[in-house]
Amino acid sequence: MFRRKKKEEETSAPPSAEVVATPEAPVVEAPSAGEDVVSESAIVAADAATGEAAAPARAPSARRGNRVQKVGIITSDKMQKTVVVRVDRLVLHRTYRRYVRRTTKFKAHDELGAAVGDRVRIVETRPLSAQKHWRVVEILQKAAK
């Protein structure tokens, strides 16, 4: 129905050859003729001697990738360490072009002790039971009493 215009910058401009330093892969310059070369093991030994802990190469969550996170409201907490979380989303109706609210219920593992009415953030995890594939990460807002 609608066609997107192609961006002229993407097709006409060649990719730039700039090097950008990122936290995962810092840019290391080659030593000049007058500089001494220091090995990485010597740096680690120096950190151990000063008592400072060396930063890990990657955070533990970096290995797992981006996990799906959702925010919802707890509708039931009658099970042991399991809660039912209702997640609402708005979907555009194809015919009427109006937004319709759709709800989905997830069973999530809860170690934090959330109660009915609490707004929580859940994250996808490995299957913990036949229907439980989510885990409560944090309680965003406690229910009004």
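The values are calculated or read from the model by the stated rules, or taken from the named source; none is laboratory data. These figures come from a predicted structure and were not determined experimentally. A quick note on method: Cβ atoms are made from the backbone with ideal geometry, for glycine too, and the neighbour counts reach across all protein chains shown.
Restricting attention to segment 100-116, which residues are outside any loop (DSSP other than H, G, I, E, B) and without any contact (Cβ under 8 Å) to a residue 24 or more places away in the chain? Can you show your working first?
Within segment 100-116, the subset outside any loop (DSSP other than H, G, I, E, B) is 100-109.
Answer for segment 100-116, where residues must be outside any loop (DSSP other than H, G, I, E, B) and without any contact (Cβ under 8 Å) to a residue 24 or more places away in the chain: V100, R101, R102, T103, T104.
If the condition is being part of a loop (DSSP other than H, G, I, E, B), surrounded by 13 or more Cβ atoms within 10 Å (Cβ to Cβ) and more than 14 Å from the chain's Cα centre (by Cα), then segment 117-143 contributes G117, D118, L128, A143.
For every residue, the table says whether it meets (1) at pLDDT 90 or above; (2) not polar (S, T, N, Q).
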site: T50; (1), (2): no, no
site: P56; (1), (2): no, yes
site: A59; (1), (2): no, yes
site: R63; (1), (2): no, yes
site: N66; (1), (2): yes, no
site: Q69; (1), (2): yes, no
site: R86; (1), (2): yes, yes
